[in-house]
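The values are calculated or read from the model by the stated rules, or taken from the named source; none is laboratory data. Predicted model only: the values in this text are computed from it and were never measured. Cβ: placed from backbone, ideal geometry, glycine included. Neighbour counts: every protein chain shown. Quick note on the areas: whole protein, heavy atoms, side chains included, nothing else; ligands and nucleic acids left out. Shrake-Rupley method; radii C 1.70, N 1.55, O 1.52, S 1.80 Å.
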Amino acid sequence: MGNINITLKDGKAVQVPQGTKPADLLKKLPQKIAKRIVVARADLGKGETLVDLDRPLERDTRVEFLTTDDPDGLFVFRHSSAHLLAAAVLELYPEVQFGVGPPTDQGFFYEFLREKPFTPEDLEKIEKKMAELRNQNLPNQRKLVPFDQAMKLYQEQKQPLKCELVRDLSDGKMVQFYTTGKFIDFCLGPHIPSTKFIKAFKLLSVAGAYWKGEESNPQMQRIYGTSFPSQAELDDHLHKLEEAKRRDHRKLGKELNLFSIQEEAGAGLIFWHPKGGIIRHLMENWLREELLRRGYDLVYTPHVLRQDLWKTSGHLDYYRENMFPAMEDEHVAYQLKPMNCPGHILIYKSSLRSYRELPIRLAELGTVYRWERTGVLHGLLRVRGFTQDDAHVFCTPDQIEAEIEACVDFALALLKTFGFQDYEVELSVRDPNRAADYAGKVEDWEQAEGALVNSLTRMNIPFKRMEGEAVFYGPKIDIKLIDAIGRPWQLSTVQFDFNLPERFKLEYVAADGARHRPLMVHRALFGSVERFFGVLIEHYAGAFPVWLAPVQAIVLPISEKVLDYGEKVAGQLKQAGFRVQLDDRNEKLQAKIRDAQLQKIPFMLVCGKKEEEAGTVSVRSRSKGDLGPRPLADFQAELQRLVETKATQA
RNA sequence: GCCCAGGUAGCUCAGUGGUAGAGCGCGUCCUUGGUAAGGACGAGGUCGCGGGUUCAAGCCCCGCCCUGGGCUCCA
């Protein structure tokens, strides 16, 4: 047997006998590093892939060792965790059928088919069994088995779902298995060497999931869990889940009295209470002013439109299942609008347009209703009635890049104003192999995609190109904001539409005197006002910046003896246009502070004898605590500054 | 729509077949207190809705509505 050349990540080259395993090379590394390695990246003959540490290396290759700090390493680790889960379930419930068990962004799951559902107690038992098997340090072993033998094995084990997978996914010759104890899985791998690496794990939930994701297939039970190489990392993760719970907009919406959803009224329909209402008012005001400044025209369109219009737009054909049923009178059917586009198009079409008028930018805070299945509704984030900050730009081809840039610039201004620092941009383009699935001419698509790329490039905005992710009517840019705890939210979108101008036969008269079809860009920045509000609540954990806070300051008289002074202070601030409350309850200062703090009011103004005599207020900030006394006028000026600058820190 | 878990006072939740509970909140009174809960008393319920079983149902059974976690869907 000959030697092969191995290049390590640091560039160091070594010569080792053919058949050497990554695990052998690992022995040369310091123990401290080596014991954290879960998988390797190397070339076994078909390019670099992730490989098991005990896979023999047969040819010259680069070898890279991965820990769970590497996303790929963590993925392999979690995948092996899923196998550990399956192995435990096999021990406890040998009668179940096994489905699939991949890693996910946050952990892993495994799917089982079983008569009885798993209960929370079952999960505890399974966790215990997993710990037992982990402690036995079972190796994850790869083996190749001829197809027929594999099928026979799974038939004997009464695993028809696995047979189905082997039949559908293997090459029909050799089948790759991984074993963890008694558990044998048809699996691409790779896996971590043995179960002992999985120091910390937790099973989180069980949920129904259709076999292969098809509604007509039987429903599997999917057990979700997560795992880490150390307890500290698991604790940290669980802590983050708690943090997300703490910020849950549904919980805060109730506690801060911002909005409600009422069974009496129907699912997915939002009631904006006064404190949520004022925030919405401020959001919308900002938006309207900005729209006008940026050359948009504000329009309003009806909530119900004749059904024929939805036929023309194509919604009846393609979007019917998301539309509330028609209302019929004797002659005509009307339907609640799920989108604003047709309305804006009718305004465009109300007169013959000249190229001199373009671009025409029609904007509306348009309330739409979509019939969503009850199972998908979720607080403010997925609702049945919502208001889009919708606009449609109609323009000529040579205007398009400037218009796209203006849209993206607007979206970024919005993110900044509302306190979001980070964002990701995705460009969704067509799949050239599915030309027939798209509306519009190929040249139009090419031009549009080119315009989007040019705009983003010129603006120096990094973006991810999503091949084949475009919707059928045009390519689009999606902007995902990243909130205070690192979660992405898809809100703003800028989309080309080649479909509706065609369907409605939109035209403008160009300089050459001929009629041309305008380009149409659909854009929403908040996306939906409801959804954006939900994200805003979670981003700030309910502690809104001063300019958005429903109550900006609360005056706290120390006793009833200084109520008059408190009233005077509150009155003066209200007069100056601030949202101020007076806590005139018969309570101790401590109690008033606690309540104001829980309501996340930015400033508490403590007023007692001393303040009354000096004409001051003692300012307490919700975030910084007691700031001491200062003249009322000074505080007022500071408040003014925070509101005017829309400061996100207070 | 499907699977699982829920729905009890304004809120959070306890209550395994025998007279509906707690804390917070709310009201009244006492207290007039200097930076995260002062005290007493009181009001407050169609136990999601409808049917069934039972001498008796918040509790058991069936259907529906709604909420949550997922799946599916997402022009």
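A few points about this structure:
- In the set (1) within 14 Å of RNA strand B (Cβ to nearest atom); (2) outside any loop (DSSP other than H, G, I, E, B); (3) modelled with pLDDT of 90 or more, the condition left unmet by A:I400 is number (1).
- Filtered by the rule that a residue be closer than 17 Å to A:E289 by Cβ and without any contact (Cβ under 8 Å) to a residue 40 or more places away in the chain, the stretch A:396-421 gives a lone residue, A:K416.
- Yes/no for A:L548 being within 41 Å of the chain's Cα centre (by Cα) and not polar (S, T, N, Q): yes
- If you go through the stretch A:315-374 and keep only what is among the acidic types (D, E) and touching a Leu at 6+ places or on another chain (Cβ under 8 Å), you end up with just A:E364.
- Qualifying residue in the stretch A:462-476 (condition: of a type outside the set (D, E) and in contact (Cβ under 8 Å) with a residue 60 or more places away in the chain): no
- Assessment of the stretch A:23-30 against the conditions (at negative phi, surrounded by 15 or more Cβ atoms within 10 Å (Cβ to Cβ), of a type in the set (K, R) and not assigned by TED's automatic domain parsing to the domain that holds A:E115) yields no matching residue.
- Test: residue in the stretch A:74-88 that is among the small types (G, A, S), open to solvent by less than 20 Å² (accessible area, probe 1.4 Å) and more than 25 Å from A:F183 (Cβ to Cβ): no
- Within the stretch A:202-223, the set of residues being within 7 Å of RNA strand B (Cβ to nearest atom) and open to solvent by less than 70 Å² (accessible area, probe 1.4 Å) comprises A:S205, A:V206, A:A207, A:G208, A:A209, A:G213, A:Q221, A:R222.
- Filter pass, A:R134 being surrounded by 16 or more Cβ atoms within 10 Å (Cβ to Cβ), part of a helix (DSSP H, G or I), of a type outside the set (S, T, Y) and within 16 Å of RNA strand B (Cβ to nearest atom): no
- Test: residue in the stretch A:597-612 that is within 24 Å of A:P545 (Cα to Cα), open to solvent by 10 Å² or more (accessible area, probe 1.4 Å) and of a type in the set (D, E, K, R): yes
- Qualifying residue in the stretch A:96-110 (condition: over 13 Å from A:S227 (Cβ atoms), open to solvent by 20 Å² or more (accessible area, probe 1.4 Å), among the hydrophobic types (A, V, I, L, M, F, W, C) and not in a loop (DSSP other than H, G, I, E, B)): no
- At least 3 residues being open to solvent by less than 80 Å² (accessible area, probe 1.4 Å) is the threshold, and among the strands (runs of 3 or more DSSP E) wholly inside the stretch A:288-383 those reaching it are A:333-336, A:360-369.
- Number of positions in the stretch A:558-592 that are aliphatic (A, V, I, L, M), within 6 Å of RNA strand B (Cβ to nearest atom) and either buried (at least 20 other Cβ atoms within 10 Å of the Cβ) or over 43 Å from the mean Cα position of the chain (by Cα) (or both): 1
- Taking residues in the stretch A:366-380 that are free of Cβ contacts under 8 Å to residues at least 60 places away in the same chain, and partners anywhere that are assigned to a strand (DSSP E or B) and within 10 Å of RNA strand B (Cβ to nearest atom), the pairs with Cβ atoms closer than 9 Å and at least 6 places apart or on different chains are A:V376/A:R382.
- Qualifying residue in the stretch A:503-515 (condition: within 13 Å of RNA strand B (Cβ to nearest atom) and either assigned to a strand (DSSP E or B) or more than 28 Å from A:M283 (Cβ to Cβ) (or both)): yes
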